[in-house]
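A quick write-up on the structure given underneath.
The values are calculated or read from the model by the stated rules, or taken from the named source; none is laboratory data. These numbers come from a predicted model, not from an experiment. All Cβ positions, even for glycine, are placed from backbone atoms using ideal geometry, and neighbour counts span all protein chains on display.
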Amino acid sequence: MLGVSQSPYGPVRELEGAIARGELDFALAHAHEVARERRGPIELELALGLLPLTASQQPDAYDAWALRWLVRWIRESRGPTIATAAELAAGLAEIPAEPQAGSR
């Protein structure tokens, strides 16, 4: 034993790390890998983490990404309401105006 503990590679862990570091390009690559392994979209929470990065690094793409996320939330939520959807939409609309930690 070398006494060095290395955690196994995990695309979700790598995706979370790339999001935390503000590395949109790496996060997207890991998101594609996670989606391919799961044969479906990444979890909504992880997708939500990509939105501030998109707003700061690809602002022209932000609205489309945010709208897709909101549509997924509506489809996947149990008992969504218009009030909750409106509240989420308002929050998503504020993301581009907020200063982002780790943005370039």
- Given (1) exposed (fewer than 14 other Cβ atoms within 10 Å of the Cβ); (2) closer than 23 Å to residue 41 by Cα; (3) at pLDDT 95 or above, index of the condition residue 85 fails: (1)
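Yes or no: residue 71 out of contact with any His (no Cβ under 6 Å at 6 or more places or on another chain), surrounded by 12 or more Cβ atoms within 10 Å (Cβ to Cβ) and more than 15 Å from residue 94 (Cα to Cα)?
Judged against the criteria, residue 71 is not a match.
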- Item | Subset of the stretch 1-25 that is at pLDDT below 95 and of a type in the set (A, V, I, L, M) - its residue that is nearest to residue 37 (Cα to Cα) | 12
- Would you mind stating whether residue 59 is more than 13 Å from the chain's Cα centre (by Cα) and at pLDDT below 95? no
